[in-house]
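Just below is one structure, and these are the notes that go with it.
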Amino acid sequence: MNTRITELLNIEKPIIQGGLAYLAYADLTAAVSNAGGLGQVTALSLPTPEALREEIRRTRTLTDKPFGVNFAFGMHGMGYEPFAQVAIEENVPVISITGGNPAPMFELLKGTSIKTLVLVAGVRQAQKAEQLGADGVIVVGQEGGGHLGRDDLGTIVLTPRVVDSVSIPVVASGGIADGRGLAAALALGAEGIEMGTRFIATKECVEASDYYKQLIVQGSEMDTVVVKRSIGAPARVLHNDYADEILKVEQKTPTYEALKSYISGEVNRRLVHEGQPDGFAFAGQVIGLIEDVPTVSELMERIMEQYVQITKKWCET
């Protein structure tokens, strides 16, 4: 299957694994890349730049396919530059950028052959990314898990708006978990999809606790809420008692200082890694479409088979 995204990234299937803070390390990254997509290592969840170097090298022992490194700006207190320098020194094939101003990263990448993707949540952000030199943009609708745009724009509207506004390839993200989502994204003009939540509920996402995976499998599309909207950083999480506590604090004292201890990485890892219910975990509305925990290879084959059946049906009607 050829699209501008598969050609750009030198991959077989137009499927990208999201950055997934605290979860996207070598095992998952390599599994996605080996299955024909683009796996990604999350950079700024790691404690040091050298830890990132080790993860990149470990990924290369598990796959000889292209993979990416995702930088979620604002996650690391010491700044992202030393981590970016490691990724450049290791000559990773792809770097994706989430949140914040990507311009300084593009300065660092000048003169390299590294392909760049920028996650955006609106037309202006996409156009700015193109002006800065991005090779492609990933458009996330408000259905998605994790951090979202401030405007409540859905993937089905936002994707074609961005496609019509830029000349570089567009990847659709948010609310996608299967071949139907891939077919819909391509019909909207995108040239690939990015999935986050769906890849958490796979066997190779070894960092995710079984408790977290079961919440995803058992949940419906109604079982997520958006937190941190009051401080201008909306993020979709699983709905549990702890998420309700966050929302109560936001109602009473909508400041970062009041929320800081409730939304820390430590509290996130409590549920994500340890399976403790007194924490929060990112997830998109797409949990309503997730019913099992397959291997990455099984999932990718299932997506492509479903896509083929859909497009075959279109041709027959």
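No lab work stands behind these numbers, since they all come straight from the coordinates. What you see is a predicted model; the values in this text were computed from it and never measured. No Cβ is skipped: glycine too gets one built from the backbone with ideal geometry, and neighbour counts run over all protein chains shown.
For the reader, a short list of remarks on this structure follows.
- Stokes-Einstein D (µm²/s) once Rh is taken as the Kirkwood radius of region 98-235 over alpha-carbon pairs, at 10 °C in 1.306 mPa s: 99 µm²/s
- Cα gyration tensor, region 155-246 - rounded (a/c under 1.5), prolate or oblate: oblate
- Overall form of region 1-108 per C-alpha gyration tensor (a/c, 1.5; a/b vs b/c): prolate
- With a cut-off of 20 Å on the backbone N, the residues of region 260-302 near the modelled label site 7 Å out from Met222 along Cα-Cβ are 283-291.
- Relative contact order of region 210-286, taken over Cα pairs closer than 8 Å and 6 or more residues apart, is 36 percent.
- Overall dimensions of the chain by Cα: Rg and Dmax, Å: 18.2, 58
- This model, with +1 at the C-beta of Lys and Arg and -1 at the C-beta of Asp and Glu, gives the chain a dipole about its Cα centre of some 540 debye.
- When peptides 217-225, 185-193, 45-53 are ranked by their average number of other Cβ atoms within 10 Å per residue, the highest-first order is 185-193, 45-53, 217-225.
- Each listed q (0.13, 0.25 Å⁻¹) maps to a log10 I(q)/I(0) for region 210-286, found by the Debye formula over equal Cα scatterers with no solvent: -0.35, -1.20.
- For the chain, the relative contact order is 16 percent, taking Cα pairs closer than 8 Å that sit 6 or more residues apart in sequence and dividing their mean separation by the residue count.
- Net charge, Leu188 excluded, C-beta distance under 15 Å - Lys, Arg +1, Asp, Glu -1: -1
- Helix-only mean residue ellipticity at 222 nm for the chain, each DSSP H run of n ≥ 4 adding -39500 (n - 2.57), per residue, nearest 500: -12000 deg cm²/dmol
- A crude spin-label estimate for the pair Glu7 and Trp314, with each label 7 Å from Cα along the Cβ direction, gives 1.9 nm.
- Net charge contributed by nearby residues that have their C-beta within less than 15 Å of Gly175 (K/R +1, D/E -1): -3
- Lys248/Val157 FRET efficiency (R0 30 Å; Cβ-Cβ; nearest 0.05): 0.40
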